Amino acid sequence: MSYKVLLTHSAERDLEAIYDYIAENDTRANADHVLDKLMEVAESLSEFPERGSYPKELLSLGMREYRQAHFKPYRLIYRISGKQVIVYLIADGRRDMQTLLTRRMLGV
């Protein structure tokens, strides 16, 4: 079964911020590489999105509808809805993910 992968506006802004940060603090070539790899991970979710693990930060809140995929150190947080995979967040996993996920997913 093939799923359609969609990025929320927040996830698109996350990608832009990651790209801009790397381009400014490293090189544009590295920013291009990371963006390409993150997009590959997102697109790979069209096949077997159930393979992603549950983010431990959301499990601790009793939330099991979200999963994650990785391009280290980045984490893509997504939910499967029918034949769609919706990516909600793309972030550096070294950040305070508990606070970030709580804010983004629960609107707190």
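Readers should treat all values here as calculations from the given coordinates under stated rules, not as data from a laboratory. Just so you know, these numbers come straight off a predicted model, no measurement behind them. Using ideal geometry, Cβ is built from the backbone for each residue, glycine included, and neighbour counts are taken over all protein chains shown.
From the residues MET39, LEU6, ILE18, which one has its Cα farthest along the dipole of region 1-83 in the positive direction, the dipole being from +1 and -1 charges on Cβ of Lys/Arg and Asp/Glu about the Cα centre?
Looking along the dipole axis, the top candidate is LEU6.
Could the peptides 17-24, 58-65 be put in order, highest first, of the mean number of other beta-carbon atoms found within 10 Å of their residues?
Top to bottom by mean Cβ count within 10 Å: 17-24, 58-65.
Binning at 10 angstrom from zero up to the longest distance, how are the C-alpha pair distances of the chain distributed in percent?
15, 48, 30, 7, 0
What percent do you get for the relative contact order of the chain when only Cα pairs under 8 Å and 6+ apart count?
Value for the chain: 30 percent.
For the Cα atoms of the chain, what angle does the longest principal axis make with the long axis of helix 97-106, in degrees from 0 to 90, nearest 10?
Once rounded, one gets 60 degrees.
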